[in-house]
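Trainee: Pasting a structure below so you can have a look.
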Amino acid sequence: MSGEYDDDLGERLASWLEGLGLASYLPAAGLPVLDRDAAGRAVWTDPGTRRPMTGEQLAEVERLLRQDGSEPEHAVPVSLVQLARRAKVREQLLASAWFTYETLAKVRGASTEATRFAVHKAASEHRLLVVAADERTLVPGFQLTEGGEVRAELVPVLEPLLASRMDPWQVWGWLTQPAALLGGQVPERAAAEPAEADVVLHAAVRLAERL
(Lines give C-alpha, C1' and ligand atoms only; values in the text may rest on other atoms or scores of the structure.)
Protein backbone atom coordinates (compact mmCIF):
# COMPACT_ATOMS: atom_id res chain seq x y z
CA MET A 1 0.00 0.00 0.00
CA SER A 2 2.81 2.45 0.89
CA GLY A 3 4.09 2.89 -2.67
CA GLU A 4 0.80 2.53 -4.50
CA TYR A 5 -2.36 4.58 -4.67
CA ASP A 6 -5.08 3.37 -2.30
CA ASP A 7 -8.41 3.71 -4.12
CA ASP A 8 -10.54 3.00 -1.06
CA LEU A 9 -8.73 5.51 1.15
CA GLY A 10 -8.63 8.10 -1.62
CA GLU A 11 -12.37 7.82 -2.20
CA ARG A 12 -13.18 7.86 1.50
CA LEU A 13 -11.16 11.00 2.08
CA ALA A 14 -12.61 12.67 -1.00
CA SER A 15 -16.20 11.89 -0.05
CA TRP A 16 -15.62 13.11 3.51
CA LEU A 17 -14.14 16.45 2.46
CA GLU A 18 -16.62 17.00 -0.37
CA GLY A 19 -19.44 16.31 2.07
CA LEU A 20 -18.07 19.05 4.33
CA GLY A 21 -17.70 21.43 1.38
CA LEU A 22 -13.95 21.71 1.98
CA ALA A 23 -12.41 19.94 -1.01
CA SER A 24 -11.80 23.10 -3.05
CA TYR A 25 -9.88 24.74 -0.20
CA LEU A 26 -7.20 22.05 0.11
CA PRO A 27 -4.57 23.72 -2.14
CA ALA A 28 -4.81 27.02 -0.23
CA ALA A 29 -3.98 25.10 2.95
CA GLY A 30 -0.91 23.55 1.34
CA LEU A 31 -2.63 20.17 1.16
CA PRO A 32 -2.85 17.72 -1.76
CA VAL A 33 -4.98 18.61 -4.75
CA LEU A 34 -8.17 16.61 -5.15
CA ASP A 35 -9.69 16.10 -8.59
CA ARG A 36 -11.95 13.53 -10.17
CA ASP A 37 -11.17 11.84 -13.47
CA ALA A 38 -13.62 11.19 -16.31
CA ALA A 39 -14.88 8.09 -14.50
CA GLY A 40 -15.53 10.04 -11.30
CA ARG A 41 -12.61 8.44 -9.48
CA ALA A 42 -10.89 10.54 -6.82
CA VAL A 43 -7.40 11.58 -7.90
CA TRP A 44 -5.01 12.97 -5.29
CA THR A 45 -1.89 14.87 -6.38
CA ASP A 46 1.13 15.85 -4.31
CA PRO A 47 1.40 19.69 -4.60
CA GLY A 48 5.19 19.54 -4.41
CA THR A 49 6.01 16.83 -6.92
CA ARG A 50 2.78 17.05 -8.97
CA ARG A 51 2.73 13.25 -8.84
CA PRO A 52 -0.10 10.97 -7.65
CA MET A 53 -0.21 10.40 -3.91
CA THR A 54 0.80 7.01 -2.53
CA GLY A 55 -1.32 5.13 -0.01
CA GLU A 56 1.18 6.02 2.72
CA GLN A 57 0.95 9.72 1.88
CA LEU A 58 -2.84 9.61 1.90
CA ALA A 59 -2.83 7.92 5.29
CA GLU A 60 -0.66 10.75 6.63
CA VAL A 61 -3.02 13.35 5.14
CA GLU A 62 -5.95 11.66 6.85
CA ARG A 63 -4.08 11.60 10.15
CA LEU A 64 -3.35 15.32 9.91
CA LEU A 65 -6.91 16.20 9.00
CA ARG A 66 -8.41 14.12 11.79
CA GLN A 67 -6.03 15.11 14.57
CA ASP A 68 -8.48 17.60 16.14
CA GLY A 69 -10.88 16.20 18.75
CA SER A 70 -10.97 13.06 20.87
CA GLU A 71 -12.81 10.95 18.28
CA PRO A 72 -10.71 10.93 15.10
CA GLU A 73 -13.30 9.05 13.06
CA HIS A 74 -15.77 11.89 13.62
CA ALA A 75 -13.28 14.76 13.63
CA VAL A 76 -13.62 17.85 11.47
CA PRO A 77 -10.41 19.49 10.17
CA VAL A 78 -10.72 22.72 12.16
CA SER A 79 -7.90 24.61 10.42
CA LEU A 80 -9.38 23.77 7.02
CA VAL A 81 -12.85 24.82 8.14
CA GLN A 82 -11.43 28.15 9.32
CA LEU A 83 -9.62 28.64 6.02
CA ALA A 84 -12.81 27.91 4.10
CA ARG A 85 -14.77 30.33 6.27
CA ARG A 86 -12.23 33.11 5.64
CA ALA A 87 -12.32 32.42 1.92
CA LYS A 88 -16.12 32.62 1.86
CA VAL A 89 -16.06 35.89 3.79
CA ARG A 90 -13.58 37.31 1.27
CA GLU A 91 -15.84 36.28 -1.57
CA GLN A 92 -18.73 38.11 0.09
CA LEU A 93 -16.64 41.22 0.69
CA LEU A 94 -15.37 41.28 -2.89
CA ALA A 95 -18.97 41.10 -4.06
CA SER A 96 -19.71 44.36 -2.23
CA ALA A 97 -18.72 47.86 -3.36
CA TRP A 98 -15.04 48.78 -3.52
CA PHE A 99 -12.82 51.16 -5.47
CA THR A 100 -9.44 51.11 -7.15
CA TYR A 101 -7.29 54.24 -7.39
CA GLU A 102 -8.71 54.87 -10.85
CA THR A 103 -12.39 54.45 -10.01
CA LEU A 104 -12.08 56.42 -6.78
CA ALA A 105 -10.34 59.22 -8.68
CA LYS A 106 -13.37 59.51 -10.96
CA VAL A 107 -15.72 59.75 -7.99
CA ARG A 108 -13.55 62.41 -6.38
CA GLY A 109 -13.01 64.30 -9.61
CA ALA A 110 -9.26 64.12 -9.10
CA SER A 111 -6.30 62.61 -10.91
CA THR A 112 -5.26 59.03 -10.26
CA GLU A 113 -1.89 60.20 -8.94
CA ALA A 114 -3.47 62.65 -6.49
CA THR A 115 -5.94 60.02 -5.35
CA ARG A 116 -3.19 57.43 -4.87
CA PHE A 117 -1.25 59.90 -2.71
CA ALA A 118 -4.34 60.80 -0.66
CA VAL A 119 -5.24 57.15 -0.11
CA HIS A 120 -1.74 56.25 1.08
CA LYS A 121 -1.62 59.26 3.38
CA ALA A 122 -5.01 58.48 4.96
CA ALA A 123 -4.10 54.79 5.31
CA SER A 124 -0.79 55.66 7.02
CA GLU A 125 -2.74 57.78 9.51
CA HIS A 126 -5.14 54.87 10.16
CA ARG A 127 -8.04 56.89 8.78
CA LEU A 128 -8.82 54.74 5.74
CA LEU A 129 -9.05 50.97 5.28
CA VAL A 130 -7.09 49.72 2.28
CA VAL A 131 -7.01 46.05 1.30
CA ALA A 132 -4.55 44.19 -0.91
CA ALA A 133 -6.20 41.65 -3.23
CA ASP A 134 -3.89 39.81 -5.63
CA GLU A 135 -2.05 42.65 -7.36
CA ARG A 136 -4.73 45.26 -6.72
CA THR A 137 -5.22 47.80 -3.97
CA LEU A 138 -8.88 48.07 -2.97
CA VAL A 139 -10.65 50.77 -0.99
CA PRO A 140 -13.85 49.27 0.48
CA GLY A 141 -16.81 51.47 -0.40
CA PHE A 142 -18.76 51.20 2.86
CA GLN A 143 -16.42 53.70 4.55
CA LEU A 144 -16.86 56.42 1.94
CA THR A 145 -19.40 59.13 1.25
CA GLU A 146 -21.00 59.62 -2.16
CA GLY A 147 -18.16 62.03 -2.93
CA GLY A 148 -15.54 59.40 -2.15
CA GLU A 149 -14.35 60.86 1.15
CA VAL A 150 -14.08 58.92 4.41
CA ARG A 151 -17.25 59.04 6.50
CA ALA A 152 -16.46 61.25 9.48
CA GLU A 153 -18.29 59.01 11.96
CA LEU A 154 -16.13 56.02 10.97
CA VAL A 155 -12.74 57.67 11.46
CA PRO A 156 -12.66 57.15 15.27
CA VAL A 157 -13.70 53.53 14.73
CA LEU A 158 -11.12 52.84 12.03
CA GLU A 159 -8.19 54.34 13.92
CA PRO A 160 -7.86 51.79 16.77
CA LEU A 161 -8.54 48.82 14.48
CA LEU A 162 -5.96 49.85 11.88
CA ALA A 163 -3.41 50.95 14.48
CA SER A 164 -3.58 47.48 16.04
CA ARG A 165 -2.30 46.02 12.74
CA MET A 166 -5.40 43.87 12.55
CA ASP A 167 -5.63 42.05 9.22
CA PRO A 168 -7.37 44.44 6.77
CA TRP A 169 -9.71 41.69 5.57
CA GLN A 170 -10.73 41.07 9.17
CA VAL A 171 -11.36 44.79 9.69
CA TRP A 172 -13.50 44.88 6.55
CA GLY A 173 -15.46 41.84 7.66
CA TRP A 174 -15.98 43.01 11.24
CA LEU A 175 -17.22 46.45 10.22
CA THR A 176 -19.68 45.20 7.63
CA GLN A 177 -21.16 42.07 9.24
CA PRO A 178 -23.24 41.55 12.40
CA ALA A 179 -20.93 41.78 15.41
CA ALA A 180 -21.36 39.87 18.66
CA LEU A 181 -19.91 42.79 20.63
CA LEU A 182 -22.80 44.92 19.34
CA GLY A 183 -25.58 42.45 19.91
CA GLY A 184 -25.71 41.53 16.23
CA GLN A 185 -25.69 45.07 14.82
CA VAL A 186 -23.50 45.89 11.81
CA PRO A 187 -20.77 48.27 13.12
CA GLU A 188 -20.51 50.59 10.12
CA ARG A 189 -24.28 51.10 10.09
CA ALA A 190 -24.60 51.50 13.84
CA ALA A 191 -21.81 54.11 13.80
CA ALA A 192 -24.07 56.36 11.71
CA GLU A 193 -26.59 56.47 14.57
CA PRO A 194 -25.61 59.12 17.18
CA ALA A 195 -27.06 57.00 19.99
CA GLU A 196 -24.91 54.01 18.97
CA ALA A 197 -21.67 55.69 17.90
CA ASP A 198 -20.00 55.48 21.33
CA VAL A 199 -20.95 51.82 21.67
CA VAL A 200 -19.41 51.01 18.30
CA LEU A 201 -16.23 52.88 19.21
CA HIS A 202 -16.00 51.02 22.52
CA ALA A 203 -16.42 47.68 20.74
CA ALA A 204 -13.72 48.59 18.20
CA VAL A 205 -11.29 49.56 20.95
CA ARG A 206 -11.97 46.33 22.84
CA LEU A 207 -11.40 44.30 19.68
CA ALA A 208 -8.15 46.15 18.95
CA GLU A 209 -6.93 45.58 22.52
CA ARG A 210 -7.38 41.83 22.12
CA LEU A 211 -4.82 41.92 19.35
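Trainee: Taking amide H atoms as placed 1.01 Å from N in the peptide plane, list the residues 5 or more away in sequence, or in a different chain, whose amide H sits under 5 Å from that of residue 98.
Mentor: Amide H to amide H, under 5 Å and 5 or more residues apart or across chains, residue 98 pairs with 141.
Trainee: Taking a quarter of the surface of the convex hull around the Cα atoms of segment 1-54, what do you get in nm²? Don't jump to the answer; show the numbers that get you there.
Mentor: Values: hull surface 15.3 nm².
Result: a mean projected hull area of 3.8 nm².
Trainee: If you build the convex hull over the alpha carbons only and average its shadow over all orientations, what do you get for segment 127-192? Give it in nm² to one decimal. Can you show the working numbers first?
Mentor: Numbers: hull surface 18.3 nm².
About 4.6 nm², averaged over all directions.
Trainee: Considering the Cα positions of segment 94-138, please state its Rg to one decimal place and its Dmax as a whole number of Å.
Mentor: 10.4, 27
Trainee: If you bin the C-alpha pair distances of segment 6-107 every 10 Å from 0, what whole percents do you get?
Mentor: All Cα pairs considered, the percentages come to 13, 40, 25, 12, 8, 2.
Trainee: Relative contact order for the chain using alpha-carbon pairs under 8 Å, separation at least 6, rounded to a whole percent? Could you put the intermediate results ahead of the total?
Mentor: Values: 244 pairs, mean separation 26.8, N = 211.
Worked out over the chain, it gives 13 percent.
Trainee: Another question about this same structure. Based solely on its DSSP helices, what 222 nm [θ] is calculated for the chain when runs of n ≥ 4 H residues each add -39,500 (n - 2.57) and the sum is averaged over all residues, nearest 500 deg cm²/dmol?
Mentor: Working: 9 runs with 101 residues, N = 211.
-14500 deg cm²/dmol, from helical runs alone.
Trainee: Then there's this: Dipole magnitude of the chain about its Cα centre, charges +1 at Lys/Arg Cβ and -1 at Asp/Glu Cβ only, in debye to the nearest 20?
Mentor: Working: 22 positive and 31 negative charges, 153 e Å.
Value, rounded to 20: 740 debye.
Trainee: Next question. Within 10 Å of each candidate Cβ there may be at most 11 other Cβ atoms; applying that plus a DSSP loop requirement, which trypsin sites (Lys or Arg not before Pro) in segment 89-195 survive?
Mentor: Values: sites: 90, 106, 108, 116, 121, 127, 136, 151, 165, 189; in loops: 127, 151, 165.
Qualifying residues, ordered by number: 165.
Trainee: In nm, give the distance between the simple-model label positions of residue 91 and residue 126, each being 7 Å from the Cα along the Cα-to-Cβ direction.
Mentor: Reported label-point gap for residue 91 and residue 126 is 3.4 nm.
Trainee: Here's a follow-up. Grab the other residues whose beta carbon is less than 14 angstrom from that of residue 121, score K and R as +1, D and E as -1, and report the net. Intermediate values should be presented prior to the final figure.
Mentor: Values: positive: 108, 116, 127; negative: 113, 125, 149.
The answer is 0.
Trainee: Averaging over every viewing direction, what projected area does the convex hull of the Cα atoms of segment 27-163 cover, in nm²?
Mentor: On the way: hull surface 52.5 nm².
Taking the Cα atoms of segment 27-163, their convex hull projects to 13.1 nm² on average.
Trainee: Note down the net charge around residue 93, summing +1 for each Lys or Arg and -1 for each Asp or Glu among other residues with Cβ under 13 Å from its Cβ. Could the numbers behind the result be given before it?
Mentor: Details: positive: 85, 86, 88, 90; negative: 91, 167, 188.
Computed value for this residue: +1.
Trainee: Turning to a different aspect of this structure: With the full set of protein chains in place, find how many percent of the accessible area of the chain is carbon and sulfur; take the probe as 1.4 Å. Could you put the intermediate results ahead of the total?
Mentor: Numbers: 6230 of 12060 Å².
That share works out to 52 percent.
Trainee: Separate question: Under DSSP H, which helices of the chain have Cα atoms covering 20 Å or more of the helix axis and a Kyte-Doolittle average no less than -1.0? Before the final figure, lay out each step's value.
Mentor: Numbers: long enough: 78-94 (24 Å, 0.16); 194-210 (25 Å, 0.29).
Answer set is 78-94, 194-210.
Trainee: Write down the accessible area per residue of the chain in Å², having rolled a 1.4 Å probe over the full set of protein chains. Working shown, then result.
Mentor: Numbers: 12060 Å² over 211 residues.
Solvent-accessible surface per residue comes out at 57 Å².
The values are calculated or read from the model by the stated rules, or taken from the named source; none is laboratory data. All values derive from a computational prediction rather than experimental measurement. Ideal geometry is used to build each Cβ from the backbone, glycine not excepted, and the neighbour counts take in all protein chains shown. Remember, those area values only see protein heavy atoms, side chains included, never the ligands or the DNA or RNA. Shrake-Rupley method; radii C 1.70, N 1.55, O 1.52, S 1.80 Å.
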